[in-house]
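No value in this document is a laboratory result; all are computed from the given coordinates. In this text, all values refer to a predicted model and were calculated from it rather than measured experimentally.
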Ligand SMILES: NC(=O)c1ccc[n+]([C@@H]2O[C@H](COP(=O)([O-])OP(=O)(O)OC[C@H]3O[C@@H](n4cnc5c(N)ncnc54)[C@H](O)[C@@H]3O)[C@@H](O)[C@H]2O)c1
């Protein structure tokens with residue numbers, strides 16, 4: 001029996017990278033998987049992979065930076081499956097490197113709108129359902145940049161520090177209602193998010209990592225399964241770095 005047997009699992013940004021690996025890992029653990037991603041993505045190949053694993057799966061369009069869209073996606077999920085057990089708030093974007101005094105303010109606004117305000121909208125509507133049900137599990141995708149500064153990435157760093165703040169607030173405010181929230185902080189993971197990366201920067205990151213490689217989306221997905229399942233039943237407000245040892249140095 002899987003660790004998420006028959007659980008209804010909602011994953012934002014589920015069509016690519018860490019979100020996709022988490023959808024597949026949840027399906028292998030017996031979950032019903034709701035892939036929530038931008039309406040513009042081609043979600044059919046992902047749904048096929050999930051169905052090939054024998055999972056009940058569906059796609060809901062969502063733009064996490066739009067509160068009405070988030071509310072609708074969660075309502076659609078609950079209407080279809082009758083409840084929501086686990087949410088992985090994973091949708092997010094990177095940003096071009098820039099020093100703070102030269103930062104394009106539009107870049108700041110966009111990163112905060114998706115990575116931080118988007119997380120707030122997601123947890124707001126997930127919690128409305130969880131409070132009604134009397135239980136629920138939230139897993140938030142932050143970043144190692146939620147724990148330490150990444151020079152040149154101030155909106156990203158600020159947004160991910162904010163995600164940890166949201167996670168801790170949920171933990172202390174809703175723990176007594178059988179609702180728990182935890183966060184995952186990966187260092188660089190080999191996903192389409194890094195597709196425009198300059199090879200020298202990539203080499204620099206690998207050099208900085210004691211394990212001398214980038215992480216894999218599947219390695220982050222396993223942390224998600226831990227936090228989503230009863231294996232972590234007493235974890236609430238926990239923050240897990242997945243970084244090949246970077247933080248230890
Ligand atoms: N890849 C890394 O090195 C890394 C490291 C630390 C943290 N993270 C975080 O992990 C999460 C997933 O990153 P990834 O590497 O898998 O990226 P990715 O680009 O492969 O996937 C991101 C997904 O989010 C979706 N998305 C983007 N904007 C959205 C929006 N407004 N509404 C809904 N969906 C939207 C995209 O369509 C895509 O499917 C992000 O929050 C990212 O910040 C990634």
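Note on the chain: helix-only mean residue ellipticity at 222 nm, from DSSP H runs of 4+ residues weighted -39500 (n - 2.57) and normalised by residue number, equals -13000 deg cm²/dmol.
Axis angle, to the nearest 10 degrees, between helix 154-174 and the longest C-alpha principal axis of the chain: 30 degrees.
If you model the chain as an ellipsoid using its alpha carbon gyration tensor, with each semi-axis the square root of five times an eigenvalue, the axes come out at 27, 19, 19 Å, biggest first. A viscosity of 1.567 mPa s and a temperature of 4 °C, combined with the Kirkwood radius over C-alpha pairs in the Stokes-Einstein formula, give region 119-191 a diffusion coefficient of 101 µm²/s.
On a 0 to 90 degree scale, rounded to 10, what angle separates helix 17-28 from the longest Cα axis of the chain? So the helix axis and the longest Cα principal axis differ by about 30 degrees.
Once the Cα atoms are used to define both axes, helix 118-133 deviates from the longest principal axis of the chain by about 20 degrees. Taking the chain as a Gaussian network of alpha-carbon nodes connected by springs under 10 Å, the highest mean-square fluctuation of the residues 152, 19, 237 belongs to 152. Put simply, the convex hull of the Cα atoms in region 61-135 casts, on average, a shadow of 5.6 nm². Where is the GNM fluctuation largest for the chain (alpha-carbon springs, 10 angstrom cutoff): 61, 155, 96? Looking only at 61, 155, 96, the largest GNM fluctuation is found for 96. The C-alpha atoms of region 124-249 occupy a region whose extents along the principal axes are 50, 29, 27 Å, arranged from largest to smallest.
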